[in-house]
Each structure stands twice: as structure tokens, then as C-alpha cells.
Amino acid sequence: MIRKIQHIGIAVRSLQEAIPFYRDVLGLELLGTEEVAEQKIRAAIFRVGESTIEVIESTAPDGPVGKFVEKNGEGIHHLCFQVEDAAAALSRAKAKGIRLIDESPRVGVHGMRIGFLHPKSTFGVLTEFAQEGD
Ligand code: CO
């Protein structure tokens with residue numbers, strides 16, 4: 001059901017300051033940047049083999065990533081698994097007693113259908129399922 005790690009989300013205060021590290025120091029290919037208004041984020045996406053790293057900054061202090069950075073500082077924010085069917089993956093987790101943040105998928109970066117599991121149910125790791133858009 002899970003195909004691969006789709007991406008790792010890393011929360012930073014400033015994309016402009018963080019991009020040179022991933023691009024110039026690590027030498028990763030920057031695939032692009034994208035704003036997701038609904039999540040109040042802007043993300044820079046770097047290719048790492050078959051997976052990506054999403055470096056994320058908040059576009060508003062009251063957004064989920066803004067609150068995360070305020071509370072925890074910069075760092076790893078979430079882990080995303082690529083699944084064939086995000087709705088099915090969320091229902092399956094729910095049926096197994098996992099608390100969901102998203103009861104059904106919504107549209108995220110790259111038009112993927114995404115949904116999150118609550119970190120209280122996943123040993124502290126905010127876990128995302130993503131289904132590639134068609
Ligand atoms: Co993500």
C-alpha cells in the first residue's frame with residue numbers, strides 16, 4: 001500500500017535563508033517552489049533520488065507551520081508516505097484506532113491528494129499520506 005517515502009517536510013523560518021544550504025551545500029536539485037494558501041505555507045521542493053525534501057516556511061504566524069516553529073524551533077516537521085489511495089489509507093488508519101487530522105484527503109503541494117495522521121497516535125511523528133495527482 002505504501003510505495004515509498006514521498007517527502008520529508010522540514011520547517012524553517014525563512015526559505016530564502018534555507019534554500020542555499022540544500023541547493024548549494026548539499027547540491028540537491030531544486031524542483032520548484034510552491035505556495036499552498038490553504039495551509040499558509042510556501043515550500044521549496046528538492047529531489048533526493050525517488051523522494052523529495054520539502055523545505056517549508058509559514059506565510060502567516062497563525063498557520064500550522066508557523067505555530068510549529070514557534071513551539072519547537074526549526075527542524076523536521078513531518079514524514080510523508082506515497083500511497084495509491086489516500087482516502088483508503090486514511091480510513092484504514094482510522095479503523096485501526098489512529099487519530100486523524102484529516103478525515104478525507106485535501107489538495108496539497110503538486111496537486112497531490114494528502115491527509116495527515118495525528119502525531120499523538122504516531123509516536124510523535126506527524127505522518128502524511130499523499131496520492132499523486134492525476
Ligand atoms: Co508534506
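The values are calculated or read from the model by the stated rules, or taken from the named source; none is laboratory data. Being a predicted model, the structure only gives us computed values, none of them experimental. Don't worry about glycine lacking a Cβ; one is built from the backbone with ideal geometry, like all the others, and counts go over all protein chains shown. Please note that ligands, DNA and RNA were not included when accessible areas were found on the heavy atoms of the full protein model with its side chains. Shrake-Rupley method; radii C 1.70, N 1.55, O 1.52, S 1.80 Å.
How many percent of the accessible area of the chain is carbon or sulfur, using a 1.4 Å probe?
The computed percentage sits at 52.
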query = Which Cα, out of 108, 118, 39, lies furthest along the positive dipole direction of the chain (beta carbon charges, K/R +1, D/E -1)?
reply = 118
request  = Measure nothing but the geometry: give the 0 to 90° angle between the long axis through the Cα atoms of 86-95 and the longest principal axis through the Cα atoms of the chain, rounded to 10°.
outcome  = 60
remark   = Of all GluC sites (Glu not before Pro) in the stretch 82-134, the ones in DSSP coil with at most 15 other Cβ atoms within 10 Å are 84, 103, 132
query = Kirkwood hydrodynamic radius (Cα pairs, Å) of the stretch 2-131?
reply = 14.9
inquiry  = At 1.4 Å probe radius, can you tell me the per residue accessible area of the chain in Å²?
reply    = 56
note = Contour minus Cα-Cα span, residue 15 to residue 3, at 0.36 nm per residue, comes to 1.5 nm
